[in-house]
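Q: Dumping the structure here so I can ask a few things about it.
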Amino acid sequence: MTTTPPGPADPETPAGTATRETRKRRRLEPLDLVSLGILAVGLLCWATGVLPTSDALANLARVAPLVLFLGTVMVMVAIVQASQLFDLAAAALARAGRGSHLALFAYCFALATATTVFLNLDTTIVLLTPVMLALAAVTRAPALALAMTTVWLANTASLLLPVSNLTNLLAADRIGLDPLAFASRMWAPQLAVLAVTALCLWFGFWRRRHRELDRYRVPERLPAIADKRLLWTAAVVTAGFVAAVVADVPIQIVSSVAAGLLLVHCLRRRDLLAWELIPWRLLVLTAGLFLVIPAVMRHGGADAVAALIGSGTGDGAVLRAGLTGAGLSNLVNNLPAYTAVEGVVPAGDSTTLLGLLIGTNVGPLILPWASMATLLWFDLVRAGAPGTPRLRIPMGRFIAAGALLATTGTLVGLAALLWL
């Protein structure tokens, strides 16, 4: 028998609850204002000639694939979330841990690490953030701990392979390393950073003082599925998404096709189609950053970066490059930070370039705009899970904990690189 999908007017369905929650979220928030402000500054730089039109158009063309990915992947995630696929995955993960927070932490840590290493950090954010939110809802495990596990490991587990992070691909191309050669240089920094990440996560978010229950609630059965056709469609599309990423299809093409297929299917579920699916804040901030940062680099920024890096070589240069990359990432985002510092690293100095990579991968954990993965995570957390309270991120705690991990993780990773 075919299950009739719930309609948008039903206040007891997850879709109805999500609609009410969406209406409450329409007022502008601090990050909304920051995003609009950065875009306004970028457009002002363009209009006044501080950033020439040719440079502005070149940078917008460069960021266009990223904007396409961010916009379409959020549509995909919203529809997959409504299909209850993430709820099923969360219930299965909860049952595997059998009520032990330590076991659940180990499973989540391993899953997020493997997804980041072998797929990429954006895939970790897209696929695991909704699972973690659903997991918190069904088990009453600490939601903030689960969410932080995802966003931290999406960044700190992205050192081992070129595919793990766009910055890795840029570095590997410049120094001519294939995946095995790249891994042979980065395995020690990756293990060292993961160890520090595990300690910071456990003591900062997972240990007993941060938990409501000694043992989390284990669901007795898997959730009932309201719309099985949507579930199967979402499962097939998600599997195809992962397979295409593994096959190295450009991720913006993968996300566009996935979102398009799901939107076509949702012509029978009009209640899932809304303007709120479009992550305007994320798109506005991304475009704004790629206008503001080039303008800054043209007018003294490049000279300042060169002064921070210095002209020397050896261990000191590696440390300076890594720490400069980490600091700039939190100020301006890690992609422009990487390209800015890379431009002043001497040709052929592969160790300094890998040190910079550690800084721009592990360092951007302090401010929300430090990496695109973190921005994407904030939008997903902001959206929440249908039928569950929205998770609020305490910014003071997020910044302080991120600063601790960014500093210690970057230093430990650089030390491991130099030791190896």
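Q: Using the eigenvalues of the Cα gyration tensor, what equivalent ellipsoid semi-axes result for the chain when each is taken as the square root of five times the eigenvalue, whole Å, largest first? Walk me through the intermediate numbers first.
A: Numbers: eigenvalues 256, 132, 73 Å².
For the chain, the semi-axes come out at 36, 26, 19 Å.
Q: Working from Cα positions, state the angle (0 to 90°, nearest 10) between the long axis of helix 395-419 and the longest principal axis of the chain.
A: Once rounded, one gets 50 degrees.
Q: How far, in degrees from 0 to 90, does helix 101-118 lean away from the longest principal axis of the Cα atoms of the chain, to the nearest 10?
A: Helix 101-118 sits roughly 60 degrees off the main axis of the chain.
Q: Related question: Considering only VAL264, VAL80, VAL245, give the residue with the highest GNM mean-square fluctuation for the chain, with springs between Cα atoms whenever their separation is below 10 Å.
A: Of VAL264, VAL80, VAL245, the most mobile in the Gaussian network model is VAL264.
Q: Counting each DSSP H run of 4 or more residues in the chain as -39500 (n - 2.57), what helix-only mean residue ellipticity at 222 nm follows after dividing by all residues, to the nearest 500 deg cm²/dmol? Walk me through the numbers before you get to the answer.
A: Values: 18 runs with 293 residues, N = 420.
For the chain, the value works out to -23000 deg cm²/dmol.
Q: Oh, and also: How high is the relative contact order of the chain, in percent, counting Cα pairs under 8 Å that sit 6 or more residues apart? Spell out each step's value before the answer.
A: Numbers: 631 pairs, mean separation 107.1, N = 420.
Worked out over the chain, it gives 26 percent.
Q: GNM, the chain, Cα, under 10 Å: largest mean-square fluctuation among ILE358, ILE175, ILE309?
A: Among ILE358, ILE175, ILE309, the largest GNM mean-square fluctuation belongs to ILE175.
Q: At a threshold of 8 angstrom on Cα-Cα distance, excluding pairs fewer than six apart, so keeping six or more, what relative contact order does the range 56-214 reach in percent?
A: Working: 158 pairs, mean separation 34.6, N = 159.
That works out to 22 percent.
Q: Computed over the Cα atoms, what is the radius of gyration of the range 33-169 divided by 2.2 N^0.38 Å, N being its residue count?
A: Numbers: Rg = 18.8 Å, N = 137, 2.2 N^0.38 = 14.3 Å.
Output field value: 1.32.
Q: Another question about this same structure. Could you list which residues have their amide H under 5 Å from that of LEU51, counting only those 5 or more apart in sequence or on another chain, with H placed in the peptide plane?
A: So LEU51 has HN proximity to TRP46.
Q: Taking 51 Å as R0, compute the FRET efficiency from the Cβ-Cβ separation of ALA347 and ARG95 and round it to 0.05.
A: Values: r = 54 Å, r/R0 = 1.05.
Approximately 0.45, to the nearest 0.05.
Q: Find which of LEU411, PRO294, LEU199 sits farthest along the positive direction of the dipole of the chain, computed with +1 on the beta-carbon of Lys and Arg, -1 on that of Asp and Glu, about the Cα centre.
A: The Cα lying farthest towards the positive end belongs to LEU199.
Q: Would you mind checking which residues have amide H under 5 Å from ARG207's amide H? H placed 1.01 Å from N; only 5 or more apart, or other chain.
A: none
Q: Taking springs between alpha-carbon atoms closer than 10 angstrom, which of VAL237, VAL246, VAL75 fluctuates most in the Gaussian network model of the chain?
A: Greatest mean-square fluctuation among the candidates belongs to VAL246.
Q: On to the next question. When the Karplus curve 6.51 cos²θ - 1.76 cosθ + 1.60 is applied with θ = phi - 60°, which whole-Hz ³J(HN,Hα) does each residue of the range 72-89 get, with x for Gly and Pro?
A: Going residue by residue, I get 6, 5, 5, 5, 4, 4, 4, 6, 4, 4, 5, 6, 6, 4, 5, 5, 5, 4 Hz, with x marking Gly and Pro.
Q: Follow-up. Let's test the formula: R0 of 51 Å, r as the Cβ-Cβ distance of ILE225 and TRP187. What FRET efficiency results, to the nearest 0.05?
A: Details: r = 42 Å, r/R0 = 0.82.
Efficiency for this residue pair is about 0.75.
Q: OK, next. Quick one: 3J(HN,Hα) in Hz for the range 370-381, Karplus 6.51/-1.76/1.60 with θ = phi - 60°, rounded, Gly and Pro as x.
A: Whole-Hz 3J(HN,Hα) from phi for the range 370-381: 5, 9, 5, 4, 5, 4, 4, 4, 4, 5, 5, 5.
Q: Okay, moving on. Applying the Karplus parametrisation 6.51 cos²θ - 1.76 cosθ + 1.60 with θ = phi - 60° to the phi angles of the range 167-183, what ³J(HN,Hα) value in whole Hz is obtained for each residue in order, glycine and proline being reported as x?
A: Values, residue by residue: 4, 4, 4, 5, 5, 4, 5, 5, 9, x, 9, 7, x, 5, 5, 4, 4 Hz.
Throughout, read-outs are computed from the coordinates displayed, never taken from laboratory work. What you are looking at is a predicted structure, and each value in this text was computed from that prediction instead of being measured. No Cβ is skipped: glycine too gets one built from the backbone with ideal geometry, and neighbour counts run over all protein chains shown.
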